[in-house]
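*Asks:* Sending over a structure as structure tokens; questions will come in a sec.
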């Protein structure tokens, strides 16, 4: 039985060949006009919808990830995880909230940024007070302590929460991913420290984010400098936070904060300035500080300079000494660091007040350091488990990757579908379903329209829009002859195959298409 | 220069060969005694540590994932994501919290389980009230609405939060993963619905969790039954929640709840009982209900039965009709369902009061349904975007997988390290570092001890404990001869290779080892 078909919507086999060119032309036009429309719409995408008194928005400082962003995210995570695994790391996961008592007193001035959960009166758990985790380091220390672990190399990827003023353009959110690698255990000095910095180099190189530098300093050296400059002990940690702002603020502003907010005298601040502005190359700076009349007799300084000397030797063995800069300005904000600290900054995306519109500033993309006392502080038995870790700033890396993609004007495929099962005629739903089931069962990535009688044009458009490689087109003549028509979506070439050769033929054609694509990319 | 070595700790080359057997024996003994110790310790692992007034614990109803559990989790996610991608799904991510107003009135009786965040007085955002997401469905509807999407096939994996009484043994947590696949858009009836159920079958088959059944029902049919039995409209949704308990509770208990808590008369309840206990096979049940004198004139019943008839035809085309059971007892707890609902239950792990100690009950491992009105309810312009989705109960699947692994007594490798760089002599740290750097740069997964002069025994023990395939052992004689000694960790065979052939030789030997392993597995 042959049905009489609506000429515009469905193409019976007799018309198919002659109308094929027309379809292709219409398809091209439609796709380009849809693209324009989608560009227009995307400008308004992030605005809030506020009609009929209903407010539809997401919490401030958070964001949805769209499929194209998820694609970038997956690739970045894959690269990072591969590298962590290359270095023999295990992985763990911990809850998104912890007891508030655990998080308190671990973050210094930043503790005010912790998100707390509401107490529940109907609760039968003695009112456990909970807060969203601020980073992955304190939960890791809790894990180490609670499980009585003495040595562990682990990575962890998860979201953390900070009730910060969101500056979206700089890639700062209230909810963001952290991607941490840590080595816990009593080891000989600087060996794990050197490996953490090696990992940063490997990851940044593989991600191809452009040139970068890794700034290195030592918390004990900063403390020694504060001591010899005459800073009171109790200000050490909060002064570190102030100095840490030097990557974004000029010295004058930071100087004023030290004098007006921290209450230091201008003489003390100027003494600090002389130290933090020393720049004479890594090894020379160590020598200069060792010969400094005041530091040379300070125990902390002696130990820190010994550590750094050793670290630079190890980094030389790891072939990465040219990437690192010993910088006394680097302080890191968090309270818990006790030794070597470091931070990687992309040269091209450094903070700069004169940025053009098409430029972005992302600041540091990786940072970390040694925190030898955190587990001890938490542990009921005060077990000593020294740790060093690095956190990869994935959110900023996503921003850079998105920026790179925008600049290149490349659009990547978000779905992985290889084959679309279409029909040119009415009443072929059941045939399409059977073929789809066959393709899924044979491991292919396949889709079909969720309509009883979809228009051929819509089906082909879907294929082109989603960069699907092949399209099967079934109709009554193919059904009778036990054949199937296959269309190469990019070239729009069509060919007929025996139905019982389907899996094999598709495998061959997908291989050819991918081969060609890889060749084109190489050229 | 040759160093004089401590005989017990380090093995210079002259002693090496003769002591080799002794080392191997000691290694075997040590490893087995360590295993016993670790077994003893793990019994106490999950207890709280409460010494010195410090309480170290994680929030009630949450858990850490240890490396061996992460390994299972990664494999389960990989299988599920592969399947979602096979069906052409995009993926998105949304924040872990949403505005409380969005979550309110979406979950019926369960709304009391929502976790709210504390208001912040120091806030400049007009006191946005926030709550942790309860599922991924409402955030998806918000995403669809906010981005003005009319059609989308997406999967999303993320943690959700319910302030439930945790029953850990049954795999119920306050924080748990959801793994959702949804199809949004105006399509012809039952085509996306059939695909969602097909996906459940594909995933459960690939995960090899044992036999299972998929129960199917229709919310409109339940509503029709309630109507003809004489239940007041306003009780429909809360009665669904009650009926949903029939998978865990006997009819008597549920009957009492209907009479005493919902206030239904015994006659109404007995009328309901007659319907929900009908069991005559899928197609026969449709026929029987169609001929039911009361339902046959009910519009909702007619539509639901038409849907189910069509669905069963499509499931036959998808070759999965033998997995599904039309069950009027299935109700699903959530308010937002409007059409077909379904739930997959593992036959072997069904709830059963007579479970032995080594058995577990997990209940349903996948469930979902059609929710055609949720987007409309949220959308400021009341846009109609019908949806159907399925949620894979991954936490319960992890439990089953862990249970399977315990039963098989298999222990899988958690780190992926292929090569360990060891030394039999003192002062070889720099050599080990250089070789490690070379291996990392050539894409190998390599580790070394973080000690200047580690004991050879400790290094070899590390390799065996972590199932590392190869171990490079360097010493002064190898350094002089520009060679390296390689040890096959499992067979304990050792062989010497030229140093400049390192990458190539390791590739060859890893390939051999893996080939052998695959052969052994097949046998």
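Throughout, read-outs are computed from the coordinates displayed, never taken from laboratory work. Just so it is clear, the model here is predicted, and its values are computed rather than measured. Please note: Cβ atoms are built from the backbone with ideal geometry, for glycine as well, and neighbour counts cover all protein chains shown.
*Asks:* What list do you get for B:426, A:206, A:409 if you sort them by fewest beta carbons within 10 Å?
*Replies:* A:409, A:206, B:426
*Asks:* State whether the range A:415-481 is rounded, prolate or oblate according to the following rule on the C-alpha gyration tensor (a ≥ b ≥ c being the square roots of its eigenvalues): a/c under 1.5 gives rounded; otherwise a/b larger than b/c gives prolate, and the remaining case gives oblate.
*Replies:* Taking the square roots of the gyration eigenvalues as a ≥ b ≥ c, the range A:415-481 is oblate.
*Asks:* State, to one decimal in nm and shortest first, how far the label point of residue B:442 sits from each corresponding label point in the other identical copies (label point: 7 angstrom along Cα-to-Cβ).
*Replies:* 4.1
*Asks:* Taking the Cα-to-Cβ direction at residue A:211 and at residue A:105 and moving 7 Å from each Cα, how far apart do the two end points lie in nm?
*Replies:* About 4.7 nm separates the two model spin labels.
*Asks:* Can I ask one more? Nearest 10 degrees, 0 to 90: what angle lies between the long axis of helix A:456-465 and the longest principal axis of chain A (Cα atoms)?
*Replies:* 20
*Asks:* Once the Cβ-Cβ distance between residue A:507 and residue B:492 is put in as r, and R0 is 51 Å, what FRET efficiency do you end up with, to the nearest 0.05?
*Replies:* The calculated FRET efficiency here is 0.75.
*Asks:* Starting from the Cα gyration tensor of the range A:188-272, take the square roots of the eigenvalues, sort them a ≥ b ≥ c, and report rounded, prolate or oblate (rounded when a/c is under 1.5, otherwise prolate if a/b is larger than b/c, else oblate).
*Replies:* Because a/c hits 1.5 or more and a/b fails to exceed b/c, the range A:188-272 counts as oblate.
*Asks:* Would you mind getting me the FRET efficiency between residue B:251 and residue B:410? Use the beta-carbon distance for r and R0 = 51 Å, nearest 0.05.
*Replies:* The formula returns an efficiency of 0.80 here.
*Asks:* Does the range B:67-408 come out rounded, prolate or oblate, given a ≥ b ≥ c as the square roots of the eigenvalues of its C-alpha gyration tensor, rounded meaning a/c under 1.5 and, failing that, prolate meaning a/b above b/c?
*Replies:* Rounded, since a/c falls under 1.5.
*Asks:* Next question. Angle check, please: helix A:429-441 long axis (alpha carbons) against the longest principal axis of chain A (alpha carbons), in degrees 0 to 90, nearest 10.
*Replies:* The answer is roughly 40 degrees.
*Asks:* With a cut-off of 8 Å between alpha carbons and a minimum separation of six or more residues, what is the relative contact order of the range A:199-279 in percent?
*Replies:* Contact order relative to length: 27 percent.
*Asks:* So how far, in whole Å, is the C-alpha centre of the range A:484-509 from the one of the range A:428-481?
*Replies:* 12
*Asks:* Could you tell me the center-to-center distance, by alpha carbons, between the range A:174-203 and the range B:68-92 in angstrom?
*Replies:* Cα centres, the range A:174-203 to the range B:68-92: 28 Å.
*Asks:* Got a sec? Which residues in the range A:287-308 would a label at residue A:321 touch, if it sits 7 Å along Cα→Cβ and we count backbone N under 18 Å?
*Replies:* It comes to A:287-290, A:305-308, nothing else.
*Asks:* Quick one: label points 7 angstrom along Cα→Cβ at residue A:147, distances to the other copies in nm, smallest first?
*Replies:* 3.5
*Asks:* Where q = 0.04, 0.05, 0.09 Å⁻¹, what log10 of I(q)/I(0) comes from the Debye formula for the protein assembly as shown, counting one point per Cα?
*Replies:* At q = 0.04, 0.05, 0.09 Å⁻¹ the computed log10 ratios are -0.24, -0.38, -1.19.
*Asks:* Taking the simple approach of a point 7 Å from Cα along Cα-to-Cβ for both residue B:381 and residue B:434, what is their distance in nm?
*Replies:* Between residue B:381 and residue B:434, the simple spin-label model gives 6.9 nm.
*Asks:* Let me ask something additional. So how tilted is helix B:191-207 from the main axis of chain B? Cα-based, degrees 0 to 90, rounded to 10.
*Replies:* The angle comes out at about 30 degrees.
*Asks:* Assuming R0 = 35 Å, can you tell me the calculated FRET efficiency for the pair residue B:523 and residue A:82, based on Cβ-Cβ distance, to the nearest 0.05?
*Replies:* Given R0 = 35 Å and the Cβ-Cβ separation, E is 0.65.
*Asks:* Further question on the same structure: Let me have the 222 nm mean residue ellipticity of chain A computed from DSSP H runs of 4+ only, each contributing -39500 (n - 2.57), with the sum over all residues rounded to the nearest 500.
*Replies:* -13000 deg cm²/dmol
*Asks:* A further question follows. For residue B:517, which inter-copy label distances result when the label point lies 7 Å beyond Cα on the Cα-to-Cβ vector, reported in nm to one decimal and in ascending order?
*Replies:* When each copy's label point is compared with this one, the spacings are 3.1 nm.
*Asks:* Taking each residue of B:81-92 in turn, how many C-beta atoms of other protein chains fall within 10 Å of its C-beta, and what is the average?
*Replies:* Counting Cβ atoms of other protein chains within 10 Å of each residue's Cβ and averaging gives 6.
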